[in-house]
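One structure below.
The values are calculated or read from the model by the stated rules, or taken from the named source; none is laboratory data. Just so we're clear, the structure is a prediction, and the values are computed from it rather than from any experiment. We place every Cβ from the backbone using ideal geometry, glycine too, and count neighbours over all the protein chains shown. Ligands, DNA and RNA are stripped out before the accessible areas are found, and what is left, the full protein with its side chains, is counted by its heavy atoms. Shrake-Rupley method; radii C 1.70, N 1.55, O 1.52, S 1.80 Å.
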Amino acid sequence: MRFCFWQASIFALTALSVCRPASSGVVVYYDHAGSLSGANLAAAVDAPAALMLLPYPPAGLTSALPPETRLLAYAAKGQTITVDFSQELIGTGLDDARLEAIYHQVKMTLEAHGIQESVRILANGRDLYTWTPAQSPITPRTRALEPQGVELQATGNKLAGKRISLSPGHGLKWGGSGWSTDRPPYCSPLNEEDYHTLEMSIYLLSYLQSDGADVIPNRCMDKSYGVYAVSGAQWWRMGPSYWLQSRGYPCSVYANSTGDCVLGSGASESNDNIRARGLMPNYDGADLHIAVHTNGLSGFCEGAGCPTGVATYYDNSASHTAWGAISKTLALKVQSAVVSTIRTNYDATWSDRGVPDFNGGNYETRIPECAAALVELGFHDTCDRDAVFLRDNYFRSAGMWGIYKGICDYYGVQPTWAFQSDEIVSHDIPTQMLPGEVRQVHLSFRNRGVLWTSARNYRLGAWGDSDPLSSQTRFELPGEVSPGDTVTFAITLKAPLTPGTYRTDWRMLQENVAWFGPTIEQDVVVAPESNPPAISNVEVLPSLVAANDALQISATVADTSGVVSVKANGVSLSPSGGTVWAGAINADSEIGSHPVTIEATDGVGNVGADTSGSYVTGPVYRLNNFNLRNDELVPTAATHALFGTWGRVHVINGDTFELDDGSEQPVRVSLPGHLFQNGDFVFARGVLNPSTRSLTTQPGQALKLD
């Protein structure tokens, strides 16, 4: 795609569209969307001639300079070009928005002619900005600042105590009949300057806050914050006036131009938004004001002649002279750091467009009563270079880190967080493992530098490119990791078979560039386990039996090396699901109480024992139904003896029946799953319930006798 200039005669101004890169003869106007657009005019033979053409746009374009405006003088002195127009430039009045439009139109026209010096614009010998309406006075804040929607924990302190006003350029505004951005989209899929400046500034906010600065943004920096009800747009898209009103700022700050404290209706609020950017730092008593913008010159440009690079502006006009010198110092530091950062880490040919003086042409660098600078990070209308960079979150974070570095340089401190840096959050690498043991572990890092992406070859690596516990030495990121975000890697470690102490260590790196940040390192002792199996929940059923009766044994046995054998009084038990082992043993032939010893062996030969289980072997007393139900000595004997009785069966259900020996005092017997039928003659023995005089018996202890 190429972009189109307009070719016209200065006399006829009859336009013929010719698509070509920027060159001498260019005059910059505005198109129907309010975007800068270059027109190649035959009469624009040099810079003064081009400036004389500014009030006369070709068909389809507009100009911020009224017709009949004349160029009175053009002078170059030192690093400044002074341009004096006739008083017709003021027209029916000059507001802040048109002042900035005139400045950009003049500045970009001169740049199209190869002139990058600072520009000072006069009207009839008087600085143009002095023709704008006076601002309403504001009273500086006397209360503490409220949270601004995004608060990051400070882990550095190099900027502690510094109050920094952060201004991401533009944002949605009320234009008198509807909502619009200050800049249209260029070079799709790059979004509007109003939006991508905020997306970039989120990185800058993170860097400044993480190094202790008290940062005050004039727009909502949280993209998930919600919707501004008046416009129906997300808060992060809105211009400064609307956010500052929501944060409790006075009307004199957010509506200083119109004085209309009800936003989103009535006259255009463009000038309110411009003034809010410059007045907020004064209201908050900021130490420093930094604005983030992107540039535009020719509109949808491709090719070698298209503009590119970064410039950082300051203001040393008469109205800002008290802060002009420190603003220039700030701009120089920021420009140097941004250029160096991008050339070193992104594009070695990135253009340095210098540090121009706005000379009053921009409200938000002229009004702050502190050091103030405005960064134009690249050209959003150079579609095959800068606009591609501006879509890249890595470039965005690199540019914002450069601004952070420049601010630190301005204050004479080194950034706590380098271009590539992080901090350890946590890890769960064990201190001991068994030979051959496999363990998944988790390593968490918090990014404190520029954005990490797989496309830029950021990875977790085994320090020294090898690790005794892992054959895999690189692990990919799960996605983009922004400054301030935490990423967790799940990695699998396998202990060597040979016992010993092994060090596993892991660190972040950008492949083929550098390792960076602290190293997670852990010494792991690999040795056979010495702890015996843990035995619990031992059950012996029934607890009262006759000599040589069968006993059911179960126990829970656990061990990290695995359980290979469990025995009860020397008899092997079998796995019975999960960690439960079960089986049967025979009761002792001697009357009395007997222990049950559970002995378990793990995979490396450790043996554990448990003697908490026991049972009682008792005599069996045979009584007829009547005596079993009525003898006064029976309840006492029931604690250490079993009882037997007999009779004809009367089935109650599949688990219970009664025995009747003709005494008409039947005895109830509990035997789950019995197969007896009514009329069977049966002898049963078991444990007596003293209160109900009923028996509980086990399989094999109830016998059919006929």
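Things worth noting here:
- Val339 in contact with a strand residue (DSSP E or B) (Cβ under 8 Å, 6 or more places away or on another chain), aliphatic (A, V, I, L, M) and open to solvent by 20 Å² or more (accessible area, probe 1.4 Å): no
- Residues in region 489-508 that are in contact with a Lys or Arg (Cβ under 7 Å, 6 or more places away or on another chain) and open to solvent by 60 Å² or more (accessible area, probe 1.4 Å): 0 in all.
- Leading residue by the ranking (nearest to Thr132 (Cα to Cα)) among those in region 363-374 that are part of a loop (DSSP other than H, G, I, E, B) and open to solvent by 10 Å² or more (accessible area, probe 1.4 Å): Ile367
- Residue in region 592-633 that is surrounded by the fewest Cβ atoms within 10 Å (Cβ to Cβ), counting only those that are in contact (Cβ under 8 Å) with a residue 60 or more places away in the chain and assigned to a helix (DSSP H, G or I): Arg629
- Residue identified as surrounded by fewer than 22 Cβ atoms within 10 Å (Cβ to Cβ) and either under 30 Å from Ser252 (Cα atoms) or in contact with an Asp or Glu (Cβ under 9 Å, 6 or more places away or on another chain) (or both) among Ser298, Ser268: Ser268
- Scanning region 528-570 for residues that are of a type in the set (A, V, I, L, M, F, W, C), assigned to a strand (DSSP E or B) and within 15 Å of Gln698 (Cβ to Cβ) turns up Val540, Leu541, Leu544, Val545, Ala550, Leu551, Ile553.
- Sole residue being modelled with pLDDT under 95 and either under 27 Å from Leu642 (Cβ atoms) or open to solvent by 20 Å² or more (accessible area, probe 1.4 Å) (or both), chosen from Glu511, Glu539, Glu521, Glu529: Glu529
- In region 438-488, the residue that is surrounded by the most Cβ atoms within 10 Å (Cβ to Cβ) out of those that are polar (S, T, N, Q) and more than 18 Å from Val524 (Cβ to Cβ) is Asn447.
- Against the numbered list (1) surrounded by fewer than 20 Cβ atoms within 10 Å (Cβ to Cβ); (2) assigned to a loop (DSSP other than H, G, I, E, B); (3) in contact (Cβ under 8 Å) with a residue 12 or more places away in the chain, Ala348 comes up short only at (3).
- Number of the condition not met by Ala304 [criteria: (1) at pLDDT 95 or above; (2) open to solvent by 10 Å² or more (accessible area, probe 1.4 Å)]: (1)
- All of Arg507, Arg448, Arg474 fail the test of being within 16 Å of the chain's Cα centre (by Cα) and either more than 26 Å from Ser561 (Cβ to Cβ) or not aliphatic (A, V, I, L, M) (or both), apart from Arg448.
- None of Thr197, Thr130 is assigned to a helix (DSSP H, G or I), within 22 Å of Ala233 (Cβ to Cβ) and at pLDDT 90 or above except Thr197.
- Gly248 being open to solvent by 40 Å² or more (accessible area, probe 1.4 Å) and on the phi > 0 side of the Ramachandran plot: yes
- Filtered residues of region 385-408 (kept if open to solvent by less than 20 Å² (accessible area, probe 1.4 Å) and among the polar types (S, T, N, Q)): Ser397
- Residues of region 191-205 that are polar (S, T, N, Q) and touching a residue at least 40 places away in the same chain (Cβ under 8 Å): Thr197, Ser201.
- If the condition is being open to solvent by 40 Å² or more (accessible area, probe 1.4 Å), part of a loop (DSSP other than H, G, I, E, B) and in contact with a strand residue (DSSP E or B) (Cβ under 9 Å, 6 or more places away or on another chain), then region 58-70 contributes Ala59, Gly60, Arg70.
- Residue within region 209-221 that is over 22 Å from the mean Cα position of the chain (by Cα), among the small types (Gly, Ala, Ser) and over 17 Å from Asn362 (Cα atoms) present: no
- Selected residue (only one of Arg507, Arg446, Arg459 is without any contact (Cβ under 8 Å) to a residue 60 or more places away in the chain, in a strand (DSSP E or B) and closer than 21 Å to Ser206 by Cα): Arg446
- Region 643-679 - residue that is closer than 13 Å to Leu705 by Cα and touching a residue at least 40 places away in the same chain (Cβ under 8 Å) and, of those, surrounded by the most Cβ atoms within 10 Å (Cβ to Cβ): Thr645
- All positions within region 206-238 that are part of a loop (DSSP other than H, G, I, E, B), in contact (Cβ under 8 Å) with a residue 40 or more places away in the chain, touching a strand residue (DSSP E or B) at 6+ places or on another chain (Cβ under 8 Å) and surrounded by fewer than 23 Cβ atoms within 10 Å (Cβ to Cβ): Tyr225, Ser231
- The residues of region 308-320 that are open to solvent by less than 10 Å² (accessible area, probe 1.4 Å) and over 30 Å from Arg141 (Cβ atoms), listed by number, are Gly309, Val310, Ala311.
- Among residues of region 71-94 being touching a Phe, Trp or Tyr at 6+ places or on another chain (Cβ under 7 Å) and either of a type in the set (Lys, Arg) or part of a strand (DSSP E or B) (or both), the one that is farthest from Met108 (Cα to Cα) is Leu72.
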